[in-house]
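**Student:** Below is the structure I would like to discuss, written out as structure tokens.
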Amino acid sequence: MHDWTILCDFDGTIALDDVTDALLSRFALPEWEAIEARWRDGAIGSRECMTAQVALIDASLDEVDAVLDALPIDPAFPGFVAEARRQGMPVQIVSDGLDYAIRRILARHGLSDLPIRANRLLHDGTRGWQLASPHADAACGEASGTCKCAIARGHDRVLMIGDGLSDFCVSGVADFVFAKKKLITHCRRAGIPHRPIVDFSDACALLDTLPELVGDTLPELFPLRVHLA
Ligand SMILES: [Mg+2]
Ligand SMILES: [Zn+2]
């Protein structure tokens, strides 16, 4: 199992709510919803959408931190990370959300050491905020802030865990997907190898069976399987 990397979405997958939406609905000037509607209609990509929306945030660092500190995560996620590490499968966060928010929320759960690839949330020192997207990829049709499929291509074998639109492109590249919510329907329709999960306790239980799920069987087990057949 040493060649597997687990890439894990954050908003809606680890965090129970969408962190960016929580900040925007609390602190952004009202135009943020019209921008959201243009993204929902497919007129703009998520990168353009979030760059414009984050610039509308009017909040101090303390105000932002207070909202972040109240956002819950899946209580089974820290145990899942520990189990994945025990099995030699490193976990990385790949998110089209905000790096600062993810880092702060994970730190609260003792997970400061998880690598994070996400958009950068930059504070101007007073009440202004900006977005930068160091992991965008102009070649990706998704026009997202973080191109998760380019990140997945940099790894040997990828287990993707996600829930929504920002995970559609990468799921077609991953070797296997644990899917929540909207991503389940997408994987089903696109014929992507996956298992549906409700939360990380399901993901934890499935981890052991990953070699069977992807059709890998240990050579010494092969005769036994033939015998049983
Ligand atoms: Mg998500
Ligand atoms: Zn992509």
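**Student:** Ranked highest first by the average count of other Cβ atoms within 10 Å around their residues, in what order do 27-39, 192-204 fall? Write out the running numbers ahead of the final one.
**Tutor:** Values: 27-39: 15.3, 192-204: 17.6.
Descending mean neighbour count gives 192-204, 27-39.
**Student:** What are the ³J(HN,Hα) values, in whole Hz, obtained from phi via the Karplus relation 6.51 cos²θ - 1.76 cosθ + 1.60 with θ = phi - 60°, for each residue of segment 95-103 in sequence order, with x given for Gly and Pro?
**Tutor:** After applying 6.51 cos²θ - 1.76 cosθ + 1.60, I find 9, 8, x, 10, 4, 4, 5, 5, 4 Hz.
**Student:** Report the net charge of residues surrounding Ile184, where surrounding means a beta-carbon distance below 15 angstrom and charges are Lys +1, Arg +1, Asp -1, Glu -1.
**Tutor:** Details: positive: Lys180, Lys181, Lys182, Arg188, Arg189, Arg195; negative: Asp9, Asp163, Asp167, Asp199, Asp202.
Taking every other residue near Ile184 into account, the sum is +1.
**Student:** Let me ask something additional. Contact order normalised by length for segment 1-129, with contacts defined as Cα pairs under 8 Å and 6 or more residues apart; what percent is it? Spell out each step's value before the answer.
**Tutor:** Details: 165 pairs, mean separation 45.8, N = 129.
This gives 35 percent for segment 1-129.
**Student:** For every helix of n ≥ 4 consecutive DSSP H residues, a contribution of -39,500 (n - 2.57) applies; sum these over the chain, divide by its total residues, and give [θ] at 222 nm rounded to the nearest 500 deg cm²/dmol. Walk me through the numbers on the way to the answer.
**Tutor:** Values: 12 runs with 94 residues, N = 229.
Calculated from helices alone, the mean residue ellipticity at 222 nm is -11000 deg cm²/dmol.
**Student:** In addition: Per residue, what accessible area does segment 4-209 have, given a 1.4 Å probe and all protein chains present, in Å²? Write out the running numbers ahead of the final one.
**Tutor:** On the way: 8990 Å² over 206 residues.
That works out to 44 Å² for each residue.
**Student:** Would you please state which residues of segment 173-208 a label at Arg153 would reach in this model, taking the label point 7 Å out along Cα→Cβ and a backbone N cut-off of under 16 Å?
**Tutor:** 173-175
**Student:** When only the heavy atoms of the protein chains count and the probe is 1.4 Å, how do Asp18, Asp9, Asp113 rank by accessible area, highest first?
**Tutor:** Values: Asp18 65, Asp9 5, Asp113 95 Å².
Descending order: Asp113, Asp18, Asp9.
**Student:** Here's another thing I want to ask about it. Classify the chain: rounded, prolate or oblate, from the alpha-carbon gyration tensor (a ≥ b ≥ c, eigenvalue square roots; a/c under 1.5 rounded; otherwise prolate if a/b is larger than b/c)? Walk me through the numbers before you get to the answer.
**Tutor:** Values: a/c = 2.42, a/b = 1.81, b/c = 1.34.
Prolate shape, in that a/c is at least 1.5 and a/b is the bigger ratio.
**Student:** Rounded to the nearest 10 Å², what accessible area does Met50 have for a 1.4 Å probe in the complete protein model?
**Tutor:** Approximately 20 Å² of Met50 is accessible to the 1.4 Å probe.
**Student:** Now for a different question. Ignoring ligands, DNA and RNA, how do Ile102, Ile116 rank by accessible area with a 1.4 Å probe, largest first?
**Tutor:** Values: Ile102 0, Ile116 50 Å².
Descending accessible area places them as Ile116, Ile102.
**Student:** Also, I was wondering about something else. Let me check against my output: what whole-number percent is the relative contact order of the chain, with C-alpha pairs under 8 Å and at least 6 apart? Please list the in-between numbers first.
**Tutor:** On the way: 391 pairs, mean separation 51.2, N = 229.
The value is 22 percent.
**Student:** For a test of the definition: using alpha carbon positions, the gyration tensor, and the 1.5 limit on a/c, classify segment 1-133 as rounded, prolate or oblate. Intermediate values should be presented prior to the final figure.
**Tutor:** Numbers: a/c = 2.29, a/b = 1.67, b/c = 1.37.
In terms of gyration-tensor shape, prolate.
**Student:** At 1.4 Å probe size, with the rest of the protein present, what percent of the exposed accessible area of the chain is carbon and sulfur atoms? Walk me through the numbers before you get to the answer.
**Tutor:** Working: 5840 of 11030 Å².
The computed percentage sits at 53.
The values are calculated or read from the model by the stated rules, or taken from the named source; none is laboratory data. As the structure is a prediction and not an experimental result, all values here were calculated from the model. As a convention, Cβ positions derive from the backbone with ideal geometry for all residues, glycine included, and neighbour counts pool all protein chains shown. Keep in mind that these areas ignore ligands, DNA and RNA; they rest on the heavy atoms of the full protein, side chains included. Shrake-Rupley method; radii C 1.70, N 1.55, O 1.52, S 1.80 Å.
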